[in-house]
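The values are calculated or read from the model by the stated rules, or taken from the named source; none is laboratory data. Because the structure is predicted, anything quoted here is derived from the model rather than measured. Note that each Cβ is placed from the backbone with ideal geometry, even for glycine, and that neighbours are counted across all protein chains shown. Accessible surface areas use protein heavy atoms only, side chains included; no ligands, DNA or RNA. Shrake-Rupley method; radii C 1.70, N 1.55, O 1.52, S 1.80 Å.
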Amino acid sequence: MSLLVVGLSHRSAPVSVLERASLAADTQAKLLQDTLAAEPAAEASVLATCNRIELYADVDKFHAGVAELSTLLARHSGVGLEELTPYLYVHYEDRAVHHLFSVACGLDSMVIGEGQILGQIKDALALGQELHTAGRLLNDLFQQSLRVGKRAHSETGIDQAGQSLVTFGLEQLAQGAPVDTWARGKRALVIGAGSMSSLAAATLARVGVSEVVVCNRTPERAERLVQILTEPGGTGVRARAVGMEAAGDELTRADVVVSCTGATGLVLGVGAVETALKSREADGAEAPLALLDLAMPRDIDAAVHRLDGVRLVDIESLAEASADAPMAADVDQVRTIVSDEVAAFGAAQRAAHITPTVVALRAMAADVVAGEVARLEGRLPDLDERQRAEVAQTVRRVVDKLLHAPTVRIKELAAEPGGAGYADALRTLFDLDPETVAAVSRADLNDANVKNRGRV
């Protein structure tokens with residue numbers, strides 16, 4: 001079996017296509033279940049963010065796997081296969097590992113070095129574990145990608161190479177002015193209470209807005225976010241929670257709006273924004289209404305950018321702006337970390353591949369020893385208990401010494417690139433029963449699943 005990833009991102013597809021191809025949570029679950037039901041795939045995980053959709057699978061056939069995963073992505077995203085195909089990329093085996101590790105480090109993000117992708121990878125792993133679609137390979141892969149991402153952020157200055165989408169978006173709204181100067185004293189409206197909205201609220205409080213209003217369909221989630229913002233020792237910002245039905249009224253009082261919900265339709269249309277502009281004009285507001293739309297699909301109608309007195313920054317404009325963002329010197333160091341970790345992961349996987357065969361070989365040797373000891377006891381019935389134990393121990397030591405060097409060496413050879421064939425050679429040389437090896441593999445996989453369940 002081999003690792004395959006088929007996906008599309010802001011690097012391969014226009015925002016208009018990404019927006020239409022976005023996957024809701026229940027759609028992601030159905031996609032994983034259907035992928036596992038497909039013939040080429042034994043495991044599956046999906047990484048779906050505001051600017052990427054990637055389907056990972058352990059497949060036994062490359063071309064069939066690419067065709068099946070592409071078809072499944074098209075079917076569940078609602079974008080026709082012919083339209084989607086030109087924007088899809090494919091990575092296989094080590095290249096697939098390299099891709100996910102790069103994503104985890106923020107090298108493939110719209111804003112280089114942003115750290116929120118680690119939480120999204122963690123969510124993807126949790127979903128695969130919850131649905132039991134992620135087996136040993138994908139559990140190992142996604143957990144290791146989280147470790148690699150954390151290593152990159154702790155050992156390098158990649159955090160300074162870029163910022164979160166929220167910070168980057170606010171910088172675009174500020175149009176060259178320091179964000180904390182631009183934001184100071186403004187009233188902010190945050191629509192949504194998920195991870196990105198929470199980050200937006202915290203960032204706005206940190207840069208000095210006077211008030212944060214959190215608007216969400218689930219009042220309890222909005223209240224929890226407000227509680228975090230106003231807890232003792234926090235930012236000291238005024239904050240309150242409102243329901244989604246109050247969004248229009250709050251918009252008339254806001255100076256800056258950040259929206260990131262999971263809604264499939266528009267949250268703010270042109271009419272609501274026009275009403276807010278009239279109210280602001282009546283109150284004597286001079287600064288433009290600043291709108292930051294971080295949702296995919298979009299929350300705010302793109303047509304509002306044609307209105308006077310509005311500045312809209314969305315995923316599409318962020319993608320254009322980030323193309324010219326400077327790269328930090330630390331990026332090269334992160335790339336080296338990724339390359340080293342890919343090599344180590346590949347070696348560990350190849351070594352693990354031969355372990356069931358080595359275990360089966362040692363089990364066969366133990367059976368041979370037990371049979372010979374039993375035969376010896378029948379031929380030499382006068383041996384006492386101590387003598388029989390000494391003979392049995394001697395035979396076991398001889399067999400262990402004969403097997404030690406070959407099994408250690410074959411594990412080393414199997415860990416090297418191109419070492420996958422050593423397991424087959426070992427099975428052939430010692431005439432091992434394939435069913436015995438498969439049974440060891442299944443037992444090992446079940447044990448790994450038990451250990452990994454709930455670990456993210």
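Quick check: is even one residue across segment 326-336 of a type in the set (Ser, Thr, Tyr), free of Cβ contacts under 8 Å to residues at least 12 places away in the same chain and surrounded by fewer than 22 Cβ atoms within 10 Å (Cβ to Cβ)? Checking segment 326-336: at least one residue is of a type in the set (Ser, Thr, Tyr), free of Cβ contacts under 8 Å to residues at least 12 places away in the same chain and surrounded by fewer than 22 Cβ atoms within 10 Å (Cβ to Cβ). THR264 - would you say it is of a type in the set (Ser, Thr, Tyr), under 20 Å from CYS215 (Cβ atoms) and part of a loop (DSSP other than H, G, I, E, B)? Against the criterion (of a type in the set (Ser, Thr, Tyr), under 20 Å from CYS215 (Cβ atoms) and part of a loop (DSSP other than H, G, I, E, B)), THR264 qualifies.
Of all residues in segment 87-126, those being under 21 Å from THR167 (Cα atoms), open to solvent by 10 Å² or more (accessible area, probe 1.4 Å) and part of a helix (DSSP H, G or I) number 4. Residues in segment 195-228 that are in contact with a strand residue (DSSP E or B) (Cβ under 8 Å, 6 or more places away or on another chain) and among the hydroxyl-bearing types (Ser, Thr, Tyr) were compared, and the one that is most open to solvent (accessible area, probe 1.4 Å) is SER210. Only a single item in (1) open to solvent by less than 70 Å² (accessible area, probe 1.4 Å); (2) within 21 Å of ARG253 (Cα to Cα); (3) within 33 Å of the chain's Cα centre (by Cα) is not met by ILE315, and it is number (2). Scan segment 386-399 and give yes if some residue there is farther than 26 Å from VAL342 by Cβ, modelled with pLDDT under 80, assigned to a helix (DSSP H, G or I) and open to solvent by less than 90 Å² (accessible area, probe 1.4 Å), otherwise no. The answer is no, given that none of the residues of segment 386-399 is farther than 26 Å from VAL342 by Cβ, modelled with pLDDT under 80, assigned to a helix (DSSP H, G or I) and open to solvent by less than 90 Å² (accessible area, probe 1.4 Å).
Of all residues in segment 305-318, those that are modelled with pLDDT under 90 have Cβ atoms under 8 Å from Cβ atoms of residues that are open to solvent by 20 Å² or more (accessible area, probe 1.4 Å) and acidic (Asp, Glu), 6 or more apart or on another chain, in ILE315/GLU19. In segment 420-441, the residue that is most open to solvent (accessible area, probe 1.4 Å) out of those that are among the charged types (D, E, K, R) and at pLDDT 70 or above is ASP431.
Candidates are the residues of segment 55-72 that are in contact with a strand residue (DSSP E or B) (Cβ under 6 Å, 6 or more places away or on another chain) and open to solvent by less than 20 Å² (accessible area, probe 1.4 Å); the one that is farthest from ASP140 (Cα to Cα) is SER70. Could you go through segment 115-126 and let me know if any residue there is out of contact with any Phe, Trp or Tyr (no Cβ under 6 Å at 6 or more places or on another chain), more than 24 Å from ILE337 (Cβ to Cβ) and in contact (Cβ under 8 Å) with a residue 12 or more places away in the chain. Yes, segment 115-126 contains a residue that is out of contact with any Phe, Trp or Tyr (no Cβ under 6 Å at 6 or more places or on another chain), more than 24 Å from ILE337 (Cβ to Cβ) and in contact (Cβ under 8 Å) with a residue 12 or more places away in the chain. Do we have PHE62 as of a type in the set (Phe, Trp, Tyr) and under 13 Å from the mean Cα position of the chain (by Cα) here? In short, no. Entry remark, segment 280-304: residues being open to solvent by 30 Å² or more (accessible area, probe 1.4 Å), at pLDDT 90 or above and more than 26 Å from SER195 (Cα to Cα) number 1 in total. Among helices (runs of 4 or more DSSP H) entirely within segment 130-202, having at least 2 residues that are within 25 Å of THR218 (Cα to Cα) singles out 165-174. For segment 66-101, filtering for residues that are small (Gly, Ala, Ser) and farther than 13 Å from GLY7 by Cβ leaves 3.
Which of the residues belonging to segment 406-419 are of a type in the set (Lys, Arg) and at pLDDT below 75? Result: LYS411, single match. Restricted to segment 203-234, and to residues that are part of a helix (DSSP H, G or I) and free of Cβ contacts under 8 Å to residues at least 12 places away in the same chain, which residue is farthest from the chain's Cα centre (by Cα)? Step by step, filter segment 203-234, then rank; the result is THR230. Scanning segment 148-174 for residues that are closer than 26 Å to ASP340 by Cβ, surrounded by fewer than 20 Cβ atoms within 10 Å (Cβ to Cβ) and without any contact (Cβ under 8 Å) to a residue 60 or more places away in the chain yields LYS150, HIS153, SER154, ASP159. Filtering segment 254-274 to residues that are within 27 Å of the chain's Cα centre (by Cα) and open to solvent by less than 10 Å² (accessible area, probe 1.4 Å) leaves VAL258, SER259. Of the residues making up segment 22-32, one or more are within 28 Å of ASP293 (Cβ to Cβ), without any contact (Cβ under 8 Å) to a residue 40 or more places away in the chain, open to solvent by 30 Å² or more (accessible area, probe 1.4 Å) and assigned to a helix (DSSP H, G or I).
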